[in-house]
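Participant: Next up is a structure, given as structure tokens.
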Amino acid sequence: MAGLDQFFADLSTADTKTKITHGQNIINYLGDRDNSIECEDTGGFIDALVPWMQSSNFKVSQNGLDIVGFLIDRLSSDFKPYLNTILSSCVDRLGDTKEVVREKANIALCKLMDATIAPQPLFEKIQAAFTHKNSRVREEVLLLLQNTLNAHGAGSLTVSKLIPSIVQATSDPQAAVRDAAVQTLVEIYRHVGERVRLDLQRKQNMPSNKLATLMTKFDDVRTSGNMMPTATLAIGTMEGRAEDETDSRSGVKSASASARSRSSSVPANRDRKTFITPKLPSGRQMV
């Protein structure tokens, strides 16, 4: 057998040691771009990786996420039919107790935005992550949003649709989530400008003390000279607005391109996907 078919049968093994060894063999194979990724049932192959991603053994989970990442790299936009198959598991792994697994999940999501789906439709698909039962997931999705702003720009996102979830996170029971939410709003302000301030003051129901603290942080960023060129610095001006809105529309349009080959396990109108060079998340530090 050639291509990925040579690895297919062993994906269903229940032995953890075998999974770890077999997973590394697949990773080594996919790491060589000259190796074929042809497979008689690509959908079935990706289906079989889901239990790996969900494994309680962090090495197996890490290998599963790495393999999915390589498939995203290799398939690029052709991974789209498999997107829904792996997305939930990627989001759940953002809350893993092992940092290396959280990073691999973050990388896989970043790869999807680089090669398969535009940022805005991706965040719409993982909207539930903002209220996930695992506080680490809630924190990590906010950090992912910050990284996305810096990697793809404000034009790749319709931030007005995301702000309500971020505002809600400022009242999260966990301090780490609250801090990440505040920093995310500051980062959005740095990219978008005064429209964010106006939105928070007029449309969002934030406690007055939290709103005042946030306004002070906005002022600090503005006076520091770290505002992005896309930011509108005067309420009511059109500077930076047309370009942002045009970019946002084009990003969503490109993401809605029809998926190609369908996997055996995906319904006709269901999206799925595959992998690119790991792009390490910006991490836990804000720009």
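The values are calculated or read from the model by the stated rules, or taken from the named source; none is laboratory data. Nothing here was measured: the structure is a model prediction, and the numbers come from that model. Cβ: placed from backbone, ideal geometry, glycine included. Neighbour counts: every protein chain shown. Just so you know, the surface numbers come from the protein's heavy atoms only, side chains and all, with ligands and any DNA or RNA stripped out. Shrake-Rupley method; radii C 1.70, N 1.55, O 1.52, S 1.80 Å.
Participant: Identify, by number, the condition in (1) surrounded by fewer than 18 Cβ atoms within 10 Å (Cβ to Cβ); (2) modelled with pLDDT under 50; (3) outside any loop (DSSP other than H, G, I, E, B) that Gln201 doesn't meet.
Facilitator: (2)
Participant: Right, here's the next one. Taking the range 146-182 as the search range and keeping residues that are charged (D, E, K, R) and in a helix (DSSP H, G or I), which one is least open to solvent (accessible area, probe 1.4 Å)?
Facilitator: Of everything passing the filter in the range 146-182, Arg178 is least open to solvent (accessible area, probe 1.4 Å).
Participant: Exactly one of (1) surrounded by fewer than 15 Cβ atoms within 10 Å (Cβ to Cβ); (2) of a type outside the set (Asp, Glu); (3) at pLDDT 90 or above; (4) assigned to a helix (DSSP H, G or I) is unmet by Lys253. Its number?
Facilitator: Tallying (1) surrounded by fewer than 15 Cβ atoms within 10 Å (Cβ to Cβ); (2) of a type outside the set (Asp, Glu); (3) at pLDDT 90 or above; (4) assigned to a helix (DSSP H, G or I), Lys253 fails exactly one: (3).
Participant: Kindly list the number of the only condition in (1) touching a helix residue (DSSP H, G or I) at 6+ places or on another chain (Cβ under 6 Å); (2) modelled with pLDDT of 50 or more; (3) part of a loop (DSSP other than H, G, I, E, B) that fails for Phe218.
Facilitator: Just one mismatch for Phe218, condition (3).
Participant: Pick from Leu185, Leu143: which is crowded, with 18+ Cβ neighbours inside 10 Å and within 30 Å of Asp78 (Cα to Cα)?
Facilitator: After ruling out the rest, the residue left standing is Leu143.
Participant: Let me ask something else. Which of the helices (runs of 4 or more DSSP H) found entirely inside the range 1-106 contain at least 2 residues meeting this: open to solvent by 40 Å² or more (accessible area, probe 1.4 Å) and more than 23 Å from Val141 (Cα to Cα)?
Facilitator: Per the criteria, 5-8, 16-31.
Participant: Here's a follow-up. Taking the range 123-154, which residues are in contact (Cβ under 8 Å) with a residue 40 or more places away in the chain, of a type in the set (D, E, K, R) and under 22 Å from Thr85 (Cβ atoms)?
Facilitator: Those that are in contact (Cβ under 8 Å) with a residue 40 or more places away in the chain, of a type in the set (D, E, K, R) and under 22 Å from Thr85 (Cβ atoms): Lys125, Glu140.
Participant: Sticking with this one: Residue pairs, Cβ under 9 Å, 6 or more apart or interchain, first in the range 173-188 and modelled with pLDDT of 95 or more, second of a type in the set (Asp, Glu) and outside any helix (DSSP H, G or I). List them.
Facilitator: Arg178/Asp172; Ala180/Asp172; Ala181/Asp172
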